[in-house]
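The values are calculated or read from the model by the stated rules, or taken from the named source; none is laboratory data. Being a predicted model, the structure only gives us computed values, none of them experimental. Every residue, glycine among them, receives a Cβ derived from its backbone with ideal geometry; neighbour counts consider all protein chains shown.
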Ligand SMILES: NC(=O)c1ccc[n+]([C@@H]2O[C@H](COP(=O)([O-])OP(=O)(O)OC[C@H]3O[C@@H](n4cnc5c(N)ncnc54)[C@H](OP(=O)(O)O)[C@@H]3O)[C@@H](O)[C@H]2O)c1
(Lines give C-alpha, C1' and ligand atoms only; values in the text may rest on other atoms or scores of the structure.)
Protein backbone atom coordinates (compact mmCIF):
# COMPACT_ATOMS: atom_id res chain seq x y z
CA UNK A 1 0.00 0.00 0.00
CA UNK A 2 1.28 3.47 -0.86
CA UNK A 3 0.66 6.87 0.72
CA UNK A 4 0.98 10.57 -0.03
CA UNK A 5 3.01 13.27 1.59
CA UNK A 6 3.95 16.88 0.89
CA UNK A 7 7.64 17.68 0.55
CA UNK A 8 9.70 20.86 0.40
CA UNK A 9 11.40 20.22 -2.96
CA UNK A 10 13.91 23.05 -2.37
CA UNK A 11 13.95 26.01 0.04
CA UNK A 12 11.79 28.84 -1.30
CA UNK A 13 8.25 30.18 -1.73
CA UNK A 14 4.98 28.26 -1.24
CA UNK A 15 5.33 26.75 -4.74
CA UNK A 16 8.17 24.48 -3.54
CA UNK A 17 5.61 22.43 -1.57
CA UNK A 18 4.85 19.35 -3.72
CA UNK A 19 2.63 16.35 -3.09
CA UNK A 20 4.43 13.06 -3.80
CA UNK A 21 3.37 9.41 -3.64
CA UNK A 22 5.37 6.75 -1.83
CA UNK A 23 4.86 3.15 -2.91
CA UNK A 24 5.11 1.47 0.51
CA UNK A 25 4.10 2.45 4.03
CA UNK A 26 6.89 3.26 6.53
CA UNK A 27 7.56 0.39 8.98
CA UNK A 28 7.93 1.20 12.70
CA UNK A 29 11.29 0.24 14.24
CA UNK A 30 11.46 -1.25 17.75
CA UNK A 31 9.98 1.31 20.19
CA UNK A 32 8.19 3.19 17.41
CA UNK A 33 4.56 3.61 16.51
CA UNK A 34 3.20 4.09 13.00
CA UNK A 35 0.65 6.89 13.04
CA UNK A 36 -2.05 7.52 10.45
CA UNK A 37 -2.19 11.31 10.46
CA UNK A 38 -5.66 12.90 10.74
CA UNK A 39 -4.68 16.57 10.91
CA UNK A 40 -1.51 18.67 10.83
CA UNK A 41 -1.11 22.30 11.83
CA UNK A 42 0.08 24.91 9.33
CA UNK A 43 1.93 27.76 11.03
CA UNK A 44 4.41 30.57 10.49
CA UNK A 45 7.11 28.24 11.86
CA UNK A 46 6.49 25.89 8.90
CA UNK A 47 6.96 28.91 6.63
CA UNK A 48 10.36 29.57 8.26
CA UNK A 49 11.35 25.93 7.71
CA UNK A 50 10.17 26.04 4.09
CA UNK A 51 12.33 29.13 3.51
CA UNK A 52 15.36 27.41 5.11
CA UNK A 53 15.43 30.05 7.88
CA UNK A 54 14.75 27.89 10.93
CA UNK A 55 17.96 27.37 12.94
CA UNK A 56 16.83 24.15 14.70
CA UNK A 57 16.15 22.22 11.46
CA UNK A 58 19.31 21.07 9.67
CA UNK A 59 17.64 18.79 7.05
CA UNK A 60 18.22 19.55 3.39
CA UNK A 61 15.33 19.23 0.88
CA UNK A 62 13.55 17.16 -0.12
CA UNK A 63 11.83 16.49 3.21
CA UNK A 64 8.30 16.80 4.58
CA UNK A 65 7.55 19.79 6.78
CA UNK A 66 4.88 19.70 9.49
CA UNK A 67 5.48 20.90 13.05
CA UNK A 68 2.59 19.11 14.76
CA UNK A 69 -0.04 16.47 14.18
CA UNK A 70 -2.87 14.42 15.65
CA UNK A 71 -3.36 10.90 14.33
CA UNK A 72 -4.41 7.34 15.05
CA UNK A 73 -2.07 4.55 16.15
CA UNK A 74 -1.92 2.31 13.07
CA UNK A 75 0.89 -0.20 13.81
CA UNK A 76 3.08 -0.96 16.83
CA UNK A 77 6.79 -1.60 16.60
CA UNK A 78 8.42 -4.29 18.76
CA UNK A 79 8.40 -3.48 22.47
CA UNK A 80 5.81 -0.68 22.38
CA UNK A 81 3.82 -0.85 25.62
CA UNK A 82 1.99 2.43 26.16
CA UNK A 83 -0.23 2.55 23.08
CA UNK A 84 -2.93 0.43 21.45
CA UNK A 85 -4.12 0.31 17.86
CA UNK A 86 -6.81 2.91 17.13
CA UNK A 87 -5.86 5.34 19.95
CA UNK A 88 -5.57 9.01 19.07
CA UNK A 89 -2.22 10.62 19.77
CA UNK A 90 -0.45 13.93 19.23
CA UNK A 91 3.13 15.06 18.77
CA UNK A 92 5.24 18.11 18.12
CA UNK A 93 7.03 16.55 15.17
CA UNK A 94 8.93 19.74 14.11
CA UNK A 95 9.13 18.27 10.60
CA UNK A 96 7.36 15.38 8.91
CA UNK A 97 3.64 15.67 9.66
CA UNK A 98 2.49 16.86 6.21
CA UNK A 99 2.12 13.16 5.43
CA UNK A 100 -0.57 10.49 5.54
CA UNK A 101 1.64 8.19 7.65
CA UNK A 102 4.75 8.56 9.77
CA UNK A 103 6.63 6.55 12.41
CA UNK A 104 7.52 8.11 15.76
CA UNK A 105 9.15 6.86 18.97
CA UNK A 106 6.40 6.03 21.48
CA UNK A 107 8.18 8.22 24.05
CA UNK A 108 7.27 11.31 22.03
CA UNK A 109 3.54 10.68 21.80
CA UNK A 110 0.82 12.14 24.03
CA UNK A 111 -2.66 10.57 24.36
CA UNK A 112 -5.55 12.84 23.47
CA UNK A 113 -8.79 12.61 25.44
CA UNK A 114 -11.80 10.85 23.90
CA UNK A 115 -14.30 13.00 22.10
CA UNK A 116 -12.17 16.07 21.33
CA UNK A 117 -12.08 17.41 17.78
CA UNK A 118 -8.68 16.44 16.26
CA UNK A 119 -8.45 19.88 14.56
CA UNK A 120 -8.90 21.65 17.90
CA UNK A 121 -6.48 19.20 19.53
CA UNK A 122 -3.73 19.82 16.98
CA UNK A 123 -4.12 23.59 17.44
CA UNK A 124 -2.87 23.11 21.01
CA UNK A 125 0.38 21.29 20.23
CA UNK A 126 2.58 24.09 18.88
CA UNK A 127 0.59 27.26 19.40
CA UNK A 128 -0.97 26.72 22.85
CA UNK A 129 2.05 24.94 24.37
CA UNK A 130 4.14 27.92 23.26
CA UNK A 131 1.66 30.36 24.80
CA UNK A 132 1.27 28.29 27.99
CA UNK A 133 4.98 27.79 28.60
CA UNK A 134 5.81 31.45 27.98
CA UNK A 135 3.14 32.53 30.46
CA UNK A 136 3.71 29.89 33.13
CA UNK A 137 7.28 28.60 32.75
CA UNK A 138 9.14 31.71 31.54
CA UNK A 139 7.30 34.91 32.56
CA UNK A 140 5.59 33.13 35.50
CA UNK A 141 2.76 35.65 35.36
CA UNK A 142 0.54 36.06 38.39
CA UNK A 143 -3.23 36.43 38.43
CA UNK A 144 -4.34 39.95 37.50
CA UNK A 145 -1.00 41.11 36.05
CA UNK A 146 -0.71 43.24 32.93
CA UNK A 147 0.68 41.88 29.66
CA UNK A 148 1.37 42.99 26.09
CA UNK A 149 1.00 40.44 23.30
CA UNK A 150 2.23 41.13 19.78
CA UNK A 151 0.60 39.35 16.85
CA UNK A 152 -2.47 39.03 19.06
CA UNK A 153 -4.74 37.90 16.20
CA UNK A 154 -2.47 35.04 15.10
CA UNK A 155 -2.23 31.43 16.23
CA UNK A 156 0.00 31.94 19.30
CA UNK A 157 -1.54 35.36 20.03
CA UNK A 158 -5.13 34.08 20.24
CA UNK A 159 -3.95 31.11 22.33
CA UNK A 160 -2.24 33.48 24.72
CA UNK A 161 -5.34 35.66 25.02
CA UNK A 162 -7.50 32.65 25.96
CA UNK A 163 -4.96 31.41 28.50
CA UNK A 164 -4.44 34.94 29.84
CA UNK A 165 -8.18 35.31 30.40
CA UNK A 166 -8.15 32.22 32.62
CA UNK A 167 -5.68 34.15 34.83
CA UNK A 168 -7.73 37.39 34.76
CA UNK A 169 -4.81 39.19 33.16
CA UNK A 170 -5.11 42.78 31.95
CA UNK A 171 -4.21 42.29 28.30
CA UNK A 172 -3.10 44.54 25.45
CA UNK A 173 -2.65 43.07 21.99
CA UNK A 174 -1.08 44.53 18.86
CA UNK A 175 -2.72 43.54 15.59
CA UNK A 176 -3.75 45.12 12.31
CA UNK A 177 -7.26 46.59 12.33
CA UNK A 178 -8.96 43.62 10.62
CA UNK A 179 -8.16 41.51 13.68
CA UNK A 180 -9.26 44.03 16.34
CA UNK A 181 -12.76 42.62 16.76
CA UNK A 182 -11.33 39.16 17.48
CA UNK A 183 -8.73 40.55 19.91
CA UNK A 184 -11.48 42.45 21.75
CA UNK A 185 -13.75 39.39 21.90
CA UNK A 186 -10.88 37.47 23.48
CA UNK A 187 -10.66 40.03 26.27
CA UNK A 188 -7.80 42.36 25.30
CA UNK A 189 -7.47 46.00 24.33
CA UNK A 190 -6.35 46.01 20.68
CA UNK A 191 -3.57 48.35 19.54
CA UNK A 192 -3.14 49.07 15.84
CA UNK A 193 0.63 48.67 15.49
CA UNK A 194 0.50 50.04 11.93
CA UNK A 195 -1.21 53.31 12.85
CA UNK A 196 0.00 54.09 16.37
CA UNK A 197 3.11 53.92 18.54
CA UNK A 198 2.41 50.99 20.83
CA UNK A 199 4.87 52.14 23.53
CA UNK A 200 3.12 55.51 23.86
CA UNK A 201 -0.29 53.80 23.82
CA UNK A 202 0.75 51.38 26.56
CA UNK A 203 2.11 54.26 28.66
CA UNK A 204 -1.09 56.26 28.26
CA UNK A 205 -3.30 53.26 29.03
CA UNK A 206 -1.33 51.85 31.95
CA UNK A 207 0.83 54.62 33.40
CA UNK A 208 3.94 52.63 34.27
CA UNK A 209 3.87 49.83 31.64
CA UNK A 210 3.28 46.08 31.59
CA UNK A 211 4.58 43.19 33.73
CA UNK A 212 5.42 41.09 30.68
CA UNK A 213 5.63 41.60 26.92
CA UNK A 214 5.61 38.67 24.45
CA UNK A 215 7.34 39.53 21.18
CA UNK A 216 7.79 37.30 18.10
CA UNK A 217 8.46 40.23 15.75
CA UNK A 218 12.14 41.04 16.44
CA UNK A 219 14.30 43.92 15.19
CA UNK A 220 13.38 47.31 16.61
CA UNK A 221 10.17 45.83 18.06
CA UNK A 222 12.17 44.05 20.79
CA UNK A 223 13.62 47.38 21.93
CA UNK A 224 10.22 49.02 22.02
CA UNK A 225 8.64 46.10 23.87
CA UNK A 226 11.44 46.32 26.43
CA UNK A 227 10.64 49.99 26.98
CA UNK A 228 6.94 49.20 27.45
CA UNK A 229 7.80 47.21 30.61
CA UNK A 230 7.29 48.50 34.11
CA UNK A 231 10.08 48.04 36.70
CA UNK A 232 10.51 44.31 37.39
CA UNK A 233 8.90 43.42 34.04
CA UNK A 234 10.11 40.78 31.59
CA UNK A 235 10.36 40.74 27.81
CA UNK A 236 9.82 37.23 26.45
CA UNK A 237 11.07 37.20 22.86
CA UNK A 238 10.20 34.15 20.79
CA UNK A 239 10.57 34.84 17.09
CA UNK A 240 12.00 36.93 14.29
CA UNK A 241 8.89 37.46 12.14
CA UNK A 242 10.19 40.60 10.42
CA UNK A 243 13.65 39.18 9.65
CA UNK A 244 12.11 36.02 8.15
CA UNK A 245 9.94 38.14 5.84
CA UNK A 246 12.84 40.47 4.97
CA UNK A 247 11.19 43.42 6.77
CA UNK A 248 14.10 44.26 9.08
CA UNK A 249 16.14 43.02 12.00
CA UNK A 250 18.89 40.43 12.08
CA UNK A 251 18.45 37.13 13.92
CA UNK A 252 21.98 36.93 15.46
CA UNK A 253 22.11 40.65 16.36
CA UNK A 254 18.60 40.72 17.81
CA UNK A 255 19.45 37.68 19.87
CA UNK A 256 22.67 39.23 21.18
CA UNK A 257 20.91 42.46 22.14
CA UNK A 258 18.41 40.50 24.22
CA UNK A 259 21.27 39.00 26.25
CA UNK A 260 22.94 42.39 26.73
CA UNK A 261 19.79 44.08 28.05
CA UNK A 262 19.75 41.61 30.91
CA UNK A 263 22.83 43.36 32.28
CA UNK A 264 21.25 46.82 32.33
CA UNK A 265 20.63 47.89 35.88
CA UNK A 266 17.04 48.95 35.26
CA UNK A 267 15.05 46.24 37.00
CA UNK A 268 13.82 44.67 33.77
CA UNK A 269 14.84 41.40 32.20
CA UNK A 270 14.64 39.44 28.95
CA UNK A 271 14.34 35.78 27.98
CA UNK A 272 14.21 33.96 24.67
CA UNK A 273 11.69 31.12 24.44
CA UNK A 274 12.00 28.28 21.95
CA UNK A 275 9.69 25.29 22.20
CA UNK A 276 12.03 22.65 20.67
CA UNK A 277 15.15 23.26 22.79
CA UNK A 278 12.98 23.60 25.93
CA UNK A 279 11.35 20.22 25.18
CA UNK A 280 14.81 18.66 24.81
CA UNK A 281 15.93 20.14 28.12
CA UNK A 282 12.68 19.49 30.01
CA UNK A 283 10.81 16.70 28.17
CA UNK A 284 8.39 16.17 31.06
CA UNK A 285 7.26 19.83 30.94
CA UNK A 286 6.14 19.42 27.34
CA UNK A 287 3.93 16.40 27.99
CA UNK A 288 2.64 17.79 31.32
CA UNK A 289 1.71 21.12 29.72
CA UNK A 290 0.09 19.52 26.67
CA UNK A 291 -1.94 17.24 28.96
CA UNK A 292 -3.13 20.27 30.98
CA UNK A 293 -4.16 21.96 27.72
CA UNK A 294 -6.03 18.86 26.48
CA UNK A 295 -7.91 18.83 29.80
CA UNK A 296 -8.80 22.53 29.43
CA UNK A 297 -10.06 21.76 25.90
CA UNK A 298 -12.11 18.79 27.06
CA UNK A 299 -13.68 21.02 29.76
CA UNK A 300 -14.45 23.76 27.16
CA UNK A 301 -12.28 26.25 29.05
CA UNK A 302 -10.33 27.01 25.88
CA UNK A 303 -11.57 26.94 22.28
CA UNK A 304 -8.94 27.29 19.53
CA UNK A 305 -9.81 29.83 16.85
CA UNK A 306 -9.63 27.82 13.64
CA UNK A 307 -9.71 30.18 10.68
CA UNK A 308 -10.01 27.43 8.13
CA UNK A 309 -9.54 23.70 7.57
CA UNK A 310 -7.93 22.83 4.25
CA UNK A 311 -6.94 19.52 2.67
CA UNK A 312 -3.24 18.61 2.83
CA UNK A 313 -3.10 19.02 -0.97
CA UNK A 314 -3.63 22.77 -0.38
CA UNK A 315 -0.61 23.19 1.89
CA UNK A 316 0.93 25.76 -0.50
CA UNK A 317 -2.22 27.91 -0.34
CA UNK A 318 -2.20 27.64 3.47
CA UNK A 319 1.39 28.93 3.52
CA UNK A 320 0.45 31.84 1.23
CA UNK A 321 -2.36 32.90 3.58
CA UNK A 322 -0.04 32.69 6.61
CA UNK A 323 2.68 34.76 4.92
CA UNK A 324 0.14 37.38 3.90
CA UNK A 325 -1.09 37.58 7.55
CA UNK A 326 -4.60 36.72 6.38
CA UNK A 327 -5.25 34.13 9.07
CA UNK A 328 -7.20 34.92 12.23
CA UNK A 329 -6.12 32.17 14.62
CA UNK A 330 -4.92 28.91 13.08
CA UNK A 331 -5.06 26.94 9.81
CA UNK A 332 -5.49 23.18 10.15
CA UNK A 333 -4.63 20.80 7.31
CA UNK A 334 -6.93 17.79 7.12
CA UNK A 335 -5.01 14.70 6.10
CA UNK A 336 -7.46 11.81 6.59
CA UNK A 337 -11.12 11.48 7.52
CA UNK A 338 -11.72 11.37 11.29
CA UNK A 339 -12.74 7.85 12.38
CA UNK A 340 -16.37 7.63 13.59
N1 LIG B 1 9.93 30.30 19.75
C2 LIG B 1 8.98 29.38 19.61
O3 LIG B 1 9.04 28.30 20.20
C4 LIG B 1 7.80 29.68 18.73
C5 LIG B 1 6.69 28.83 18.72
C6 LIG B 1 5.60 29.16 17.91
C7 LIG B 1 5.66 30.31 17.13
N8 LIG B 1 6.78 31.09 17.14
C9 LIG B 1 6.88 32.33 16.35
O10 LIG B 1 5.82 33.18 16.75
C11 LIG B 1 5.41 33.99 15.68
C12 LIG B 1 3.91 33.91 15.55
O13 LIG B 1 3.54 32.58 15.20
P14 LIG B 1 2.05 32.27 14.81
O15 LIG B 1 1.97 30.85 14.45
O16 LIG B 1 1.14 32.85 15.83
O17 LIG B 1 1.94 33.16 13.48
P18 LIG B 1 0.68 33.81 12.80
O19 LIG B 1 -0.54 33.01 13.11
O20 LIG B 1 1.05 34.04 11.38
O21 LIG B 1 0.54 35.19 13.57
C22 LIG B 1 1.45 36.23 13.46
C23 LIG B 1 0.65 37.53 13.56
O24 LIG B 1 1.49 38.64 13.71
C25 LIG B 1 0.83 39.78 13.14
N26 LIG B 1 1.90 40.76 12.89
C27 LIG B 1 2.74 40.85 11.84
N28 LIG B 1 3.61 41.87 12.02
C29 LIG B 1 3.31 42.41 13.23
C30 LIG B 1 3.87 43.49 13.98
N31 LIG B 1 4.90 44.22 13.53
N32 LIG B 1 3.33 43.76 15.18
C33 LIG B 1 2.29 43.04 15.67
N34 LIG B 1 1.71 42.01 15.01
C35 LIG B 1 2.23 41.71 13.79
C36 LIG B 1 0.12 39.23 11.91
O37 LIG B 1 -1.14 39.78 11.62
P38 LIG B 1 -1.51 41.33 11.45
O39 LIG B 1 -0.29 42.01 10.92
O40 LIG B 1 -2.66 41.35 10.48
O41 LIG B 1 -1.91 41.78 12.82
C42 LIG B 1 -0.20 37.78 12.34
O43 LIG B 1 -1.54 37.68 12.82
C44 LIG B 1 6.21 33.53 14.46
O45 LIG B 1 7.32 34.38 14.32
C46 LIG B 1 6.66 32.14 14.85
O47 LIG B 1 7.81 31.74 14.21
C48 LIG B 1 7.84 30.79 17.93
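The table that follows gives values for the structure above.
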{"read-out": "Test: residue in region 112-120 that is near the ligand (Cβ under 8 Å from one of its atoms) and either without any contact (Cβ under 8 Å) to a residue 24 or more places away in the chain or surrounded by 15 or more Cβ atoms within 10 Å (Cβ to Cβ) (or both)", "value": "no"}
{"read-out": "The listed residue being in a strand (DSSP E or B), surrounded by fewer than 14 Cβ atoms within 10 Å (Cβ to Cβ) and over 25 Å from the mean Cα position of the chain (by Cα), out of 21, 78", "value": "21"}
{"read-out": "Any hit, region 269-280, residues being assigned by TED's automatic domain parsing to the domain that holds residue 209, away from the ligand (no atom under 16 Å from the Cβ) and modelled with pLDDT of 95 or more", "value": "yes"}
{"read-out": "Flag if residue 333 is within 15 Å of the ligand (Cβ to nearest atom) and touching a strand residue (DSSP E or B) at 6+ places or on another chain (Cβ under 7 Å)", "value": "yes"}
{"read-out": "Complete set of residues in region 179-200 that are part of a helix (DSSP H, G or I), out of contact with any helix residue (DSSP H, G or I) (no Cβ under 6 Å at 6 or more places or on another chain) and touching a residue at least 12 places away in the same chain (Cβ under 8 Å)", "value": "179, 180, 182, 183, 198"}
{"read-out": "Total residues in region 144-178, condition at negative phi and part of a loop (DSSP other than H, G, I, E, B)", "value": "8"}
{"read-out": "Identity of the residue in region 41-67, under 12 Å from the mean Cα position of the chain (by Cα) and in a loop (DSSP other than H, G, I, E, B), that ends up nearest to the ligand (Cβ to nearest atom)", "value": "43"}
{"read-out": "Within region 169-222, tally of residues that are closer than 15 Å to residue 147 by Cα and within 12 Å of the ligand (Cβ to nearest atom)", "value": "13"}
{"read-out": "Selected residue (only one of 70, 141 is more than 16 Å from the ligand (Cβ to nearest atom), assigned to a loop (DSSP other than H, G, I, E, B) and buried (at least 17 other Cβ atoms within 10 Å of the Cβ))", "value": "141"}
{"read-out": "Residues that are more than 13 Å from the ligand (Cβ to nearest atom) and in contact with a helix residue (DSSP H, G or I) (Cβ under 6 Å, 6 or more places away or on another chain), drawn from region 148-168", "value": "163"}
